[in-house]
Amino acid sequence: MRICAILNGGGHTAETLALVEKLHNVEPYYMVDAFDHLTISKVKKNRKLYVLSPRKRNTDSKIISGFRLVLTMILTSLYFMRYRFRAVVAVGGTLTVPVMFLARFCRIKTMFVESVARVYTLSMSGHILYGKVDVFAVQWVTLAKQLKRSVYGGIVL
Amino acid sequence: MIFATVGTTSFDELIEALDKTIQEDEVIIAQIGNGLYMPTDILFFRFSQSLAKWYEAADFIITSGGAGSLFECLKSNKPFLAVENKSVMGRHQRELLDYLSKHGFIFMWDDLSNIRLGIEQAKEFFPNRKILNMMEYYSLLFIWMMDSDFWGNDIYG
(Lines give C-alpha, C1' and ligand atoms only; values in the text may rest on other atoms or scores of the structure.)
Protein backbone atom coordinates (compact mmCIF):
# COMPACT_ATOMS: atom_id res chain seq x y z
CA MET A 1 0.00 0.00 0.00
CA ARG A 2 1.13 3.55 -0.65
CA ILE A 3 2.16 5.58 2.37
CA CYS A 4 3.60 9.06 2.75
CA ALA A 5 6.61 9.65 5.03
CA ILE A 6 7.59 13.19 5.97
CA LEU A 7 11.34 13.96 5.93
CA ASN A 8 12.39 17.09 7.80
CA GLY A 9 16.16 17.04 7.57
CA GLY A 10 18.89 16.08 10.04
CA GLY A 11 18.12 13.49 12.69
CA HIS A 12 14.44 13.43 11.75
CA THR A 13 15.36 12.11 8.31
CA ALA A 14 17.51 9.31 9.73
CA GLU A 15 14.74 8.24 12.10
CA THR A 16 11.98 8.36 9.47
CA LEU A 17 14.00 6.30 6.98
CA ALA A 18 14.73 3.71 9.68
CA LEU A 19 11.04 3.63 10.64
CA VAL A 20 9.82 3.10 7.06
CA GLU A 21 12.32 0.26 6.61
CA LYS A 22 10.66 -1.59 9.49
CA LEU A 23 7.13 -1.49 8.03
CA HIS A 24 6.14 -4.45 5.86
CA ASN A 25 4.32 -4.33 2.50
CA VAL A 26 4.49 -0.59 2.07
CA GLU A 27 5.35 1.56 -0.94
CA PRO A 28 6.76 4.71 0.67
CA TYR A 29 6.69 8.17 -0.90
CA TYR A 30 8.81 10.83 0.80
CA MET A 31 7.75 14.41 1.34
CA VAL A 32 10.85 16.63 1.22
CA ASP A 33 11.64 20.34 1.30
CA ALA A 34 12.56 21.33 -2.28
CA PHE A 35 15.62 23.29 -1.09
CA ASP A 36 17.03 20.65 1.26
CA HIS A 37 19.58 19.05 -1.08
CA LEU A 38 21.11 16.73 1.50
CA THR A 39 17.77 15.07 2.28
CA ILE A 40 16.81 14.88 -1.40
CA SER A 41 20.02 12.98 -2.18
CA LYS A 42 19.04 10.25 0.29
CA VAL A 43 15.76 9.34 -1.44
CA LYS A 44 15.07 7.33 -4.60
CA LYS A 45 14.34 9.29 -7.76
CA ASN A 46 10.63 8.77 -8.41
CA ARG A 47 9.55 8.59 -4.76
CA LYS A 48 9.83 12.27 -3.93
CA LEU A 49 7.05 14.76 -3.21
CA TYR A 50 8.45 18.29 -3.28
CA VAL A 51 6.95 20.90 -0.95
CA LEU A 52 8.26 24.00 0.81
CA SER A 53 9.12 23.80 4.48
CA PRO A 54 6.85 26.37 6.18
CA ARG A 55 9.07 27.78 8.87
CA LYS A 56 12.78 27.85 9.54
CA ARG A 57 12.64 28.74 13.20
CA ASN A 58 13.41 32.38 14.05
CA THR A 59 15.08 33.03 10.74
CA ASP A 60 12.37 34.37 8.42
CA SER A 61 9.34 36.62 8.59
CA LYS A 62 5.84 35.45 9.43
CA ILE A 63 4.38 36.69 6.15
CA ILE A 64 6.77 34.69 4.00
CA SER A 65 6.39 31.55 6.09
CA GLY A 66 2.60 31.95 6.01
CA PHE A 67 2.75 32.14 2.24
CA ARG A 68 4.93 29.04 2.16
CA LEU A 69 2.50 27.21 4.42
CA VAL A 70 -0.47 27.95 2.16
CA LEU A 71 1.48 26.80 -0.90
CA THR A 72 2.58 23.64 0.92
CA MET A 73 -1.00 22.86 1.92
CA ILE A 74 -2.21 23.21 -1.68
CA LEU A 75 0.64 21.02 -2.96
CA THR A 76 0.05 18.43 -0.24
CA SER A 77 -3.66 18.14 -0.98
CA LEU A 78 -2.85 17.70 -4.68
CA TYR A 79 -0.39 14.92 -3.80
CA PHE A 80 -3.02 13.29 -1.58
CA MET A 81 -5.51 13.36 -4.47
CA ARG A 82 -2.97 12.03 -6.96
CA TYR A 83 -1.50 9.17 -4.92
CA ARG A 84 -4.37 8.18 -2.56
CA PHE A 85 -2.14 7.36 0.41
CA ARG A 86 -3.45 4.94 3.01
CA ALA A 87 -1.30 6.33 5.83
CA VAL A 88 1.05 9.16 6.77
CA VAL A 89 4.03 8.59 9.08
CA ALA A 90 6.29 11.23 10.65
CA VAL A 91 8.91 11.64 13.37
CA GLY A 92 8.51 15.35 14.11
CA GLY A 93 9.92 18.51 12.59
CA THR A 94 8.48 21.57 10.86
CA LEU A 95 6.27 19.95 8.22
CA THR A 96 4.70 17.42 10.56
CA VAL A 97 1.85 19.34 12.20
CA PRO A 98 0.15 20.92 9.15
CA VAL A 99 0.47 17.79 7.01
CA MET A 100 -0.83 15.53 9.77
CA PHE A 101 -3.90 17.74 10.30
CA LEU A 102 -4.56 17.79 6.57
CA ALA A 103 -4.22 14.00 6.48
CA ARG A 104 -6.80 13.66 9.27
CA PHE A 105 -9.11 15.98 7.34
CA CYS A 106 -8.70 13.77 4.25
CA ARG A 107 -9.39 10.68 6.40
CA ILE A 108 -5.94 9.20 5.96
CA LYS A 109 -4.49 7.23 8.87
CA THR A 110 -1.76 9.02 10.77
CA MET A 111 1.16 7.62 12.76
CA PHE A 112 3.35 9.96 14.79
CA VAL A 113 6.54 8.74 16.45
CA GLU A 114 8.15 11.06 18.99
CA SER A 115 11.84 11.68 18.29
CA VAL A 116 14.43 9.54 20.11
CA ALA A 117 15.95 12.73 21.54
CA ARG A 118 12.93 13.16 23.82
CA VAL A 119 13.31 11.10 27.00
CA TYR A 120 11.26 13.00 29.60
CA THR A 121 9.35 15.76 27.77
CA LEU A 122 7.43 16.06 24.49
CA SER A 123 8.61 18.10 21.53
CA MET A 124 6.52 21.00 20.21
CA SER A 125 4.89 18.93 17.46
CA GLY A 126 4.34 16.15 20.00
CA HIS A 127 2.47 18.54 22.30
CA ILE A 128 0.19 19.66 19.48
CA LEU A 129 -0.48 16.21 18.03
CA TYR A 130 -0.90 14.28 21.31
CA GLY A 131 -4.30 12.58 21.25
CA LYS A 132 -5.09 13.81 17.74
CA VAL A 133 -3.38 11.11 15.67
CA ASP A 134 -4.27 7.43 15.20
CA VAL A 135 -1.03 6.10 16.67
CA PHE A 136 1.12 8.23 18.98
CA ALA A 137 4.28 6.21 19.62
CA VAL A 138 7.18 7.17 21.87
CA GLN A 139 10.66 5.65 21.92
CA TRP A 140 11.41 5.65 25.66
CA VAL A 141 9.61 3.89 28.52
CA THR A 142 10.11 6.94 30.77
CA LEU A 143 7.96 9.04 28.44
CA ALA A 144 5.40 6.30 27.80
CA LYS A 145 4.75 6.01 31.57
CA GLN A 146 3.82 9.70 31.78
CA LEU A 147 1.50 9.75 28.77
CA LYS A 148 -1.61 7.62 29.00
CA ARG A 149 -2.60 7.79 25.34
CA SER A 150 0.82 6.99 23.88
CA VAL A 151 2.19 3.63 22.81
CA TYR A 152 5.72 2.45 23.54
CA GLY A 153 7.45 1.40 20.32
CA GLY A 154 11.15 0.94 21.14
CA ILE A 155 14.12 2.75 19.66
CA VAL A 156 13.69 3.08 15.92
CA LEU A 157 17.25 3.95 14.86
CA MET B 1 42.60 9.13 12.77
CA ILE B 2 40.05 11.07 14.78
CA PHE B 3 36.75 11.90 13.09
CA ALA B 4 34.58 14.74 14.40
CA THR B 5 30.98 15.30 13.30
CA VAL B 6 28.54 18.09 14.13
CA GLY B 7 25.41 16.96 12.25
CA THR B 8 23.19 19.10 10.04
CA THR B 9 23.54 22.36 12.02
CA SER B 10 26.80 24.03 13.06
CA PHE B 11 29.01 23.65 16.14
CA ASP B 12 31.90 26.11 15.79
CA GLU B 13 33.02 25.88 19.43
CA LEU B 14 33.89 22.19 19.12
CA ILE B 15 35.76 22.59 15.83
CA GLU B 16 37.67 25.57 17.23
CA ALA B 17 38.64 23.69 20.40
CA LEU B 18 39.89 20.73 18.34
CA ASP B 19 41.75 22.97 15.92
CA LYS B 20 43.63 24.75 18.69
CA THR B 21 44.64 21.68 20.68
CA ILE B 22 45.67 19.33 17.86
CA GLN B 23 48.89 17.37 18.50
CA GLU B 24 51.69 16.93 15.99
CA ASP B 25 51.41 13.23 15.22
CA GLU B 26 47.64 13.28 14.87
CA VAL B 27 45.16 13.46 11.98
CA ILE B 28 41.72 14.95 12.61
CA ILE B 29 39.01 15.03 9.96
CA ALA B 30 35.88 17.04 10.70
CA GLN B 31 32.41 17.35 9.20
CA ILE B 32 31.58 20.97 10.03
CA GLY B 33 28.04 21.44 8.65
CA ASN B 34 27.03 25.08 8.23
CA GLY B 35 29.79 26.32 10.55
CA LEU B 36 31.49 29.65 9.88
CA TYR B 37 34.81 28.86 11.60
CA MET B 38 37.46 27.71 9.10
CA PRO B 39 39.93 25.30 10.71
CA THR B 40 43.60 25.67 9.83
CA ASP B 41 45.21 22.46 11.14
CA ILE B 42 42.46 19.91 10.77
CA LEU B 43 41.00 18.58 7.53
CA PHE B 44 37.32 19.22 7.01
CA PHE B 45 34.29 18.91 4.72
CA ARG B 46 30.79 20.28 5.11
CA PHE B 47 28.27 17.55 4.31
CA SER B 48 28.30 14.02 3.02
CA GLN B 49 25.45 11.81 1.87
CA SER B 50 26.51 9.07 4.26
CA LEU B 51 29.02 9.26 7.11
CA ALA B 52 29.24 5.47 7.47
CA LYS B 53 32.59 5.19 5.66
CA TRP B 54 34.09 7.88 7.90
CA TYR B 55 32.94 6.11 11.04
CA GLU B 56 34.50 2.92 9.69
CA ALA B 57 37.85 4.56 8.91
CA ALA B 58 38.15 6.40 12.22
CA ASP B 59 39.90 5.11 15.35
CA PHE B 60 38.06 7.54 17.56
CA ILE B 61 34.91 9.62 16.99
CA ILE B 62 33.85 12.94 18.49
CA THR B 63 30.18 13.72 17.99
CA SER B 64 27.65 16.39 18.92
CA GLY B 65 24.59 15.35 20.92
CA GLY B 66 22.28 14.90 17.92
CA ALA B 67 20.28 11.69 18.12
CA GLY B 68 21.16 10.55 14.59
CA SER B 69 24.94 10.74 15.03
CA LEU B 70 24.83 9.36 18.58
CA PHE B 71 23.07 6.16 17.54
CA GLU B 72 25.27 5.74 14.46
CA CYS B 73 28.30 5.96 16.79
CA LEU B 74 26.76 3.44 19.19
CA LYS B 75 26.30 1.02 16.29
CA SER B 76 29.83 1.54 14.95
CA ASN B 77 31.44 -0.14 18.02
CA LYS B 78 34.18 2.52 18.08
CA PRO B 79 35.22 4.51 21.15
CA PHE B 80 33.60 7.92 21.00
CA LEU B 81 33.04 11.14 22.91
CA ALA B 82 29.76 13.07 22.95
CA VAL B 83 29.75 16.86 23.36
CA GLU B 84 26.56 18.86 23.86
CA ASN B 85 25.83 21.58 21.30
CA LYS B 86 24.41 24.33 23.50
CA SER B 87 23.25 26.55 20.63
CA VAL B 88 20.50 24.29 19.27
CA MET B 89 16.85 25.19 19.75
CA GLY B 90 15.70 24.73 23.35
CA ARG B 91 18.90 22.81 24.22
CA HIS B 92 17.03 19.58 23.54
CA GLN B 93 20.22 17.50 23.23
CA ARG B 94 20.79 17.67 27.00
CA GLU B 95 17.89 15.35 27.78
CA LEU B 96 19.09 12.45 25.66
CA LEU B 97 22.76 12.93 26.62
CA ASP B 98 21.96 12.96 30.34
CA TYR B 99 19.85 9.82 30.06
CA LEU B 100 22.39 7.88 27.99
CA SER B 101 25.41 8.86 30.09
CA LYS B 102 23.57 8.18 33.36
CA HIS B 103 23.03 4.59 32.24
CA GLY B 104 26.61 4.21 31.01
CA PHE B 105 25.86 3.95 27.29
CA ILE B 106 28.03 6.88 26.26
CA PHE B 107 30.80 9.12 27.60
CA MET B 108 29.87 12.80 27.70
CA TRP B 109 32.19 15.80 28.09
CA ASP B 110 31.16 19.41 28.77
CA ASP B 111 34.41 21.34 29.19
CA LEU B 112 35.43 22.39 25.68
CA SER B 113 38.57 24.23 26.83
CA ASN B 114 39.91 20.97 28.23
CA ILE B 115 38.79 18.61 25.49
CA ARG B 116 42.05 16.60 25.33
CA LEU B 117 41.38 15.26 28.83
CA GLY B 118 37.91 14.19 27.68
CA ILE B 119 39.36 12.34 24.70
CA GLU B 120 41.88 10.53 26.95
CA GLN B 121 39.14 9.47 29.36
CA ALA B 122 36.72 8.43 26.60
CA LYS B 123 39.35 6.09 25.15
CA GLU B 124 39.37 4.16 28.44
CA PHE B 125 35.59 4.18 28.86
CA PHE B 126 33.84 0.82 28.48
CA PRO B 127 30.22 1.33 27.37
CA ASN B 128 27.10 -0.60 28.25
CA ARG B 129 25.73 -2.03 24.98
CA LYS B 130 22.35 -3.23 26.19
CA ILE B 131 20.49 -0.44 24.42
CA LEU B 132 20.90 -1.92 20.95
CA ASN B 133 19.02 -5.09 21.87
CA MET B 134 15.73 -3.37 22.68
CA MET B 135 12.54 -4.66 21.07
CA GLU B 136 10.72 -2.78 18.33
CA TYR B 137 7.01 -2.87 17.74
CA TYR B 138 6.53 -0.42 14.86
CA SER B 139 5.47 -2.94 12.24
CA LEU B 140 2.84 -4.36 14.62
CA LEU B 141 1.63 -0.86 15.51
CA PHE B 142 1.26 -0.03 11.84
CA ILE B 143 -0.74 -3.17 11.06
CA TRP B 144 -2.94 -2.51 14.07
CA MET B 145 -3.58 1.02 12.88
CA MET B 146 -4.53 -0.10 9.37
CA ASP B 147 -6.83 -2.84 10.68
CA SER B 148 -8.75 -0.67 13.12
CA ASP B 149 -12.04 0.82 11.92
CA PHE B 150 -11.93 3.76 9.58
CA TRP B 151 -12.74 7.15 11.17
CA GLY B 152 -14.60 7.64 14.40
CA ASN B 153 -13.47 4.51 16.19
CA ASP B 154 -11.44 5.38 19.26
CA ILE B 155 -8.50 3.01 19.03
CA TYR B 156 -7.35 3.94 22.53
CA GLY B 157 -10.45 2.22 23.95
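The values are calculated or read from the model by the stated rules, or taken from the named source; none is laboratory data. Because the structure is predicted, anything quoted here is derived from the model rather than measured. With ideal geometry, Cβ positions are generated from the backbone for all residues, glycine too; neighbour counts draw on all protein chains shown. With ligands, DNA and RNA removed, areas are computed over all heavy atoms of the protein, side chains included. Shrake-Rupley method; radii C 1.70, N 1.55, O 1.52, S 1.80 Å.
General remarks:
- Of residues in segment A:116-140 being more than 8 Å from chain B (Cβ to nearest Cβ) and not hydrophobic (A, V, I, L, M, F, W, C), the one most open to solvent (accessible area, probe 1.4 Å): A:HIS127
- Of the set (1) farther than 25 Å from A:VAL116 by Cβ; (2) within 14 Å of chain B (Cβ to nearest Cβ); (3) in contact with a strand residue (DSSP E or B) (Cβ under 6 Å, 6 or more places away or on another chain), all apply to A:MET1 but (3).
- Filter result for A:ARG107 (assigned to a loop (DSSP other than H, G, I, E, B), open to solvent by 50 Å² or more (accessible area, probe 1.4 Å) and either closer than 27 Å to A:VAL138 by Cα or not hydrophobic (A, V, I, L, M, F, W, C) (or both)): yes
- Of everything in segment A:26-60 that is open to solvent by 40 Å² or more (accessible area, probe 1.4 Å) and at the interface with chain B (Cβ under 9 Å from one of its Cβ atoms), the residue that is nearest to A:LEU95 (Cα to Cα) is A:ARG57.
- Criterion: within 12 Å of chain A (Cβ to nearest Cβ) and in a loop (DSSP other than H, G, I, E, B) - qualifying residue of B:GLY35, B:GLY7, B:GLY104, B:GLY68: B:GLY7
- Among the residues making up segment B:71-101, those that are part of a loop (DSSP other than H, G, I, E, B) and more than 9 Å from every other protein chain (Cβ to nearest Cβ) are B:ASN77, B:LYS78, B:PRO79, B:GLU84, B:ASN85, B:LYS86, B:SER87, B:VAL88.
- Candidate set from segment A:88-103 (those that are in a loop (DSSP other than H, G, I, E, B) and among the hydrophobic types (A, V, I, L, M, F, W, C)); member that is nearest to the other protein chains (Cβ to nearest Cβ): A:VAL91
- When B:GLU136 is tested against the conditions (1) within 23 Å of B:ILE15 (Cα to Cα); (2) in contact with a Lys or Arg (Cβ under 8 Å, 6 or more places away or on another chain); (3) open to solvent by 70 Å² or more (accessible area, probe 1.4 Å), the lone failure is (1).
- Residue match in segment A:62-70 (condition: assigned to a loop (DSSP other than H, G, I, E, B), more than 22 Å from B:SER139 (Cβ to Cβ), open to solvent by less than 40 Å² (accessible area, probe 1.4 Å) and out of contact with any Leu (no Cβ under 8 Å at 6 or more places or on another chain)): no
- Of all the numbered requirements in (1) part of a helix (DSSP H, G or I); (2) surrounded by 15 or more Cβ atoms within 10 Å (Cβ to Cβ), B:ILE61 misses one, and that requirement is (1).
- Some residue of segment A:55-72 being at pLDDT 90 or above and within 14 Å of the chain's Cα centre (by Cα): yes
- Neighbours by Cβ (under 6 Å, 6+ apart or cross-chain): first from segment B:70-98, closer than 16 Å to B:LYS53 by Cα; second open to solvent by 20 Å² or more (accessible area, probe 1.4 Å) and not in a helix (DSSP H, G or I): B:PHE71/A:LEU157
- Filter pass, A:GLY153 being open to solvent by less than 30 Å² (accessible area, probe 1.4 Å) and free of Cβ contacts under 8 Å to residues at least 24 places away in the same chain: no
- Hits in segment B:70-90 (condition: among the small types (Gly, Ala, Ser), at negative phi and modelled with pLDDT under 90): B:SER76, B:SER87
- You will find that of A:PHE80, A:PHE112, A:PHE85, the residue that is assigned to a strand (DSSP E or B), in contact with a strand residue (DSSP E or B) (Cβ under 9 Å, 6 or more places away or on another chain) and either touching a residue at least 40 places away in the same chain (Cβ under 8 Å) or open to solvent by less than 20 Å² (accessible area, probe 1.4 Å) (or both) is A:PHE112 and no other.
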